[in-house]
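Worksheet for the structure shown next.
Here, each number is a calculation from the coordinates, and none is a lab measurement. The structure presented is a predicted model; accordingly, all values stated were derived computationally and were not measured.
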Amino acid sequence: MATRKTERQRPSDFEPSLHEQAERLQASLGESAQQIWLAGLGAFSRAQAEGSKLFDTLVREGSKVEARTRDARAGLADGVEEVRSRAGETLGRVDQVFRARVGEALKALEVPTRRELGALADRIDALNQKLRAHNERPTAGARARRAAARSTPPGPAPVPPQATEDRPVRKPRAAPRPAPADPAAPGESSD
């Protein structure tokens with residue numbers, strides 16, 4: 001058997017070396033970085049060119065939204081006013097029904113009304129006025145006591161009676177003291 005020498009192929013013949021691989025990777029990364037840089041510059045340039053157009057478009061859209069919002073607010077305000085009006089009418093009707101029912105219940109319980117209480121208060125006031133007028137008029141006994149007090153001259157106080165076994169001592173009523181005479185009474189002249 002003849003041995004054939006197999007030729008061995010060196011790995012460097014078919015496979016690139018590590019150094020070559022690194023160079024290729026570096027070149028490919030450089031190309032990618034360059035493409036990314038160019039894409040960024042293109043986006044920036046386009047944003048500058050279309051930025052003002054985009055801004056104008058956004059302003060127009062904002063104006064439309066504001067107009068719709070304004071219309072919605074106006075409609076909402078009208079709706080709120082209508083609801084308030086209806087609620088006021090409803091509350092008015094509920095108030096009337098409530099007052100009527102409470103009035104009927106108070107009447108059934110025989111509770112006096114405001115008018116009846118007012119009339120009663122007026123009658124009490126009239127009676128109080130009559131009573132004051134009656135009390136202010138002096139009676140015959142009071143007139144006699146006043147006359148006696150004016151005619152009694154001031155002097156020493158009467159001696160109280162002594163008590164005996166038959167007769168207990170009664171305390172006399174104190175007579176009112178006359179007012180001291182004013183030396184310059186009106187209508188009199190002092191010469």
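Figure the gain on full extension for T69 and R132 (residue separation times 0.36 nm, minus the Cα-Cα span) and round it to one decimal in nm.
Contour length minus Cα-Cα distance gives 15.1 nm.
Fully extended, how many nm does the chain gain between A147 and A87 (0.36 nm per residue separation, minus their Cα-Cα distance)?
Working it through step by step, the gained length comes to 13.8 nm.
Need the full-extension length gain, R46 to A100, defined as separation in residues times 0.36 nm minus the C-alpha distance. One decimal, nm.
Additional length available on full extension: 11.6 nm.
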